1. Could you check the simple spin-label distance between Arg105 and Ala457, using points 7 Å along Cα→Cβ, in nm with one decimal?
2. Suppose each label sits 7 Å from its Cα in the direction of the beta carbon; what would the Thr415-His349 distance come out to in nanometres?
3. So what does His349 come to for accessible area, using a 1.4 Å probe and Å² rounded to 10?
4. Starting from the 7 Å offset along Cα-to-Cβ, what nm value, one decimal, do you get for the label separation of Lys364 and Arg120?
5. Once a ≥ b ≥ c are taken as the square roots of the eigenvalues of the Cα gyration tensor of the stretch 7-227, is the result rounded (a/c under 1.5), prolate (a/b larger than b/c) or oblate (a/b not larger than b/c)?
6. Given the -39500 (n - 2.57) contribution per DSSP H run of 4+ residues, what per-residue ellipticity at 222 nm results for the chain, rounded to the nearest 500 deg cm²/dmol?
7. Give me the extension gain from Thr403 to Asp447: residue separation times 0.36 nm, minus the current Cα-Cα distance, reported in nm with one decimal.
8. Using Cα pairs closer than 8 Å and at least 6 residues apart in sequence, work out the relative contact order for the chain, in percent.
Amino acid sequence: MTKRRWGTAATSLACALMLVAAVPASASDNSAGAGDPYFPLAGNQGYDVEHYDLALDFTPSSHYLAAQATISARAEKELARFDLDYSGPAIDRVTVDGRPAAFARDGQELTVTPDRSLRRGKHFTVRVWYRGNPQPIDDPTLGIYGWINTDDGAVALNEPDGARSWYPVNDDLNDKATYTYRITTPNGVTALANGEPQGKPDVRGDKTTAVWNMRKPMASYLSMVAIGKFDVTSGRIGRLPNITAVDPGSEGDTASLAPDTAAAVRWEQDTFGKYPFDSVGGIVDRLGVDYALETQSRPVYDGVPDAATVVHEIAHQWYGDAVTPKTWADIWLNEGFATYAEWLWDEQHGGPTVRSVFDGWYAKPAGDRFWKLKTADPGRDEIFSYSAIYLRGGMTLQALRVTMGDRDFFTLLRTWVDTYKYRNADTGDLRALAEKISHKNLKPLFDAWLYSEEKPARP
Ligand code: ARG
Ligand code: ZN
């Protein structure tokens, strides 16, 4: 999908300097890395992915994957070679437009050299054959993510940069693409992914292939497959398919996921505007990661979630998935909004008011650790900081609501999605839209709440 580039001359320069410091010498043309300040190697330059077609043949008993990834892209400049992000199992071969291409691996970069260079504007197809046992990423501060094997299968959860652990990818927040998954397993194993199933699973001999399509643009960190034993429920919320799948060994009220998802979608459509994708649902599996993830159209939960968690992950479908930050520094645009959605839901369903939740956290004294870190630039290791990103992100929205007034604030929530859905936006875009709607100068509020490590004045 077409990328909208970001950044002033100053940030581009800063990123260019970071890239010089961080990329391997072999990638001195800056083809490795799309310029994210926190993940400088993620993403690549010079082309734009339109579609991923991932054929995955997975055997749960051995956790062995034999895969073929077909990537349709467009060259944005003349390309003698190009990079993909990839740190998965061994590659057998690579073709570009059907002809064998040379390839080399260096860390998480896969460099492909086609037999002739690709002219600017050319649509081309890269196919990569690979097989082996994909491994999760175990990061000291971000935890376990990427390809995660389970007792009876596997689940892929990529946030922030785990897609490379199981397929070659342009892992750039700004390069959204559509996806097709063709997942082959032994008969009797269930395979799910983002989006909608294409017909019934196809049984051939002792193997079954399930095909899923995500037809709306998706950032790679939101791509997901789930393979294993699942009890699948297919319902509808109005006309929207609601496909949920629960590991039969899960503890708790396994029947709650489908109705909780339906209730969250209904309430959020009333509050945020039309649901942005063609189906919804959720997947519960025992992963041992202790977080849920808002994988596009179908979040994944590590255990049966409570209603508030479902409200949070479904809210991300608007805030995070439809409208995606331009860089990881702006992750508060995901987590602050999803946290605020939980507070609003609670307020309207017999819980405490948003104001009282805000006041409770605002009571933290100036100088407390709670106020440390900049909410809109917390640093790479702190992108999931509960206080700086989730809570202070939600509080920033409450400060904005009090300042703009209810009518303008709820207009902002809906207009934000209408304006930027299927694309990317940053904190500056939010301020510009909020100022346009409210006719107020919001720079002081944004600076105090997002770019300061001091306790802000009460709005
Ligand atoms: N975005 C998830 C949420 O809904 C959290 C993901 C945490 N990921 C991680 N690698 N620790 O809040
Ligand atoms: Zn979240």
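1. 5.7 nm
2. Output for this residue pair reads 2.9 nm.
3. Approximately 90 Å² for this residue.
4. The answer from the label model is 4.9 nm.
5. Details: a/c = 1.87, a/b = 1.51, b/c = 1.24.
It comes out prolate by the Cα gyration axes.
6. On the way: 9 runs with 116 residues, N = 459.
So the calculated ellipticity at 222 nm is -8000 deg cm²/dmol.
7. Numbers: separation 44, 0.36 × 44 = 15.84 nm, distance 1.41 nm.
In short, 14.4 nm is gained.
8. Relative contact order here is 11 percent.
The values are calculated or read from the model by the stated rules, or taken from the named source; none is laboratory data. None of the values given here were measured: they were computed from a predicted structure. Neighbour counts run over all protein chains shown; Cβ positions are idealised from the backbone, glycine included. We work out accessible area using only protein heavy atoms, side chains counted, and drop any ligands, DNA or RNA first. Shrake-Rupley method; radii C 1.70, N 1.55, O 1.52, S 1.80 Å.
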